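Participant: To start, I am sharing the structure in question, which I have written as structure tokens.
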Amino acid sequence: MAPIPNATLAKLRAGKAAIAFSVHHLRSVAVPMMAKAAGFDWLFIDMEHGALSLQEATQLCIAALPTGITPIVRVCSAAFDEATRALDNGAQGLVIPHVSTVAQAKRVVEAFRFPPRGARSWGGGLAVYGYASVDSATAQAELDNEVLLCCMIETEEAVANADAIAAIPGIDALLIGSSDLTTDLGIPDQFGHAKVQAAYQTVIDACRKHGKHPGMGGIYDQEWAAFYTRMGARFSLGGSDAMFIMQAARARATFFATL
């Protein structure tokens with residue numbers, strides 16, 4: 001039995017964009033269906049800044065698997081134990097924040113790829129196989145091809161090391177955390193600044209050179225989101241549950257206030 005396909009990786013490998021619905025506050029297993037109905041490709045299940053427990057995150061992952069929406073979990077930078085359990089319980093990818101050096105990126109591969117490439121432990125009974133019994137050698141090879149590993153680029157140091165990080169086998173994507181990057185550069189939230197444009201170009205060029213997928217996070221105004229998407233960002237965050245709810249709620253309240 002093959003694992004449930006990673007639809008987001010398939011789109012990226014075909015040269016297409018894959019856009020995320022970020023989950024910070026919602027807990028319902030209806031969220032993946034809502035994201036799919038709205039036209040998104042993957043769930044960005046945020047355990048770094050969202051207040052989700054591992055149990056809640058994995059329930060969202062399991063609910064997403066039959067829908068074709070790819071469940072991808074962001075953990076805190078040092079929470080590799082939670083990340084491993086997320087993979088065992090439905091996640092089809094991980095986003096690891098604050099990766100600024102080659103050594104940190106290599107540690108990501110070591111932790112979340114199976115031997116001989118890494119040292120991920122085999123636990124069996126995986127959700128991506130529908131809990132069917134599979135032999136470990138086959139499953140490990142299949143999962144190393146289907147699990148998406150993404151490092152976040154959030155500092156000037158990370159940008160400088162982007163080419164070397166992108167060159168590491170086992171890393172699939174580099175996602176620019178634009179909010180933290182602009183803060184590190186001393187230009188908070190100035191997403192159109194020349195330094196930010198240069199950083200995006202550096203990361204995108206590194207990804208193209210090494211066959212990896214560049215992404216955009218933290219930019220939600222249409223002007224600059226469009227700008228960096230046209231530049232080449234493909235694995236990107238489209239907005240969060242709270243943002244969508246508040247935008248629609250404000251618009252509706254404004255409508256009634258004008259009657």
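Every number here is computed from the coordinates shown, using simple stated rules; none is lab data. These numbers were taken from a predicted model, which means no experiment stands behind them. Positions of Cβ are generated from backbone atoms using ideal geometry, with glycine treated the same way; all protein chains shown enter the neighbour counts.
Participant: Among the lysines in the chain, how many pairs, 8 or more places apart or on different chains, have alpha carbons under 26 Å apart?
Facilitator: Lysine pairs meeting both conditions in the chain amount to 12.
Participant: Subtracting the Cα-Cα distance from 0.36 nm times the residue separation, let me have the gained length for V29 to E156 in nm, one decimal.
Facilitator: Result: 41.9 nm gained on full extension.
Participant: Give a residue-ordered list of calculated ³J(HN,Hα) values for the range 165-171 (Karplus: 6.51 cos²θ - 1.76 cosθ + 1.60, θ = phi - 60°; whole Hz; x for Gly, Pro).
Facilitator: 5, 5, 6, 6, x, x, 8
Participant: Using a 10 angstrom cutoff on alpha carbons, build the Gaussian network for the chain and name the most mobile of H213, H25, H98.
Facilitator: Result: H25 has the largest fluctuation of those listed.
Participant: So, by mean Cβ neighbours within 10 angstrom, what's the order for 120-130, 100-110 with the highest one leading?
Facilitator: 100-110, 120-130
Participant: Along the charge dipole of the chain, pointing to its positive end and built from +1/-1 on Cβ of Lys, Arg, Asp and Glu, which listed residue (T58, A158, A119) has its Cα farthest out?
Facilitator: Value computed over the given set: T58.
Participant: Just order 182-188, 247-253 by mean Cβ neighbour count inside 10 Å, highest at the front, would you?
Facilitator: So the order, starting with the most tightly packed, is 182-188, 247-253.
Participant: Specify the residue with the greatest mean-square fluctuation among A14, A199, A79, computed from a Gaussian network of the chain linking alpha-carbon atoms under 10 Å apart.
Facilitator: A14
Participant: Next up: If amide H atoms are built 1.01 Å from N in the plane of the peptide, which residues on other chains or at least 5 residues away come under 5 Å of the amide H of S240?
Facilitator: The list, which skips near neighbours in sequence, is S22.
Participant: Let me ask another. Please give the length that would be gained between D135 and T101 if that part of the chain were fully extended, namely 0.36 nm times their separation in residues minus their C-alpha to C-alpha distance (nm, one decimal).
Facilitator: 8.7 nm
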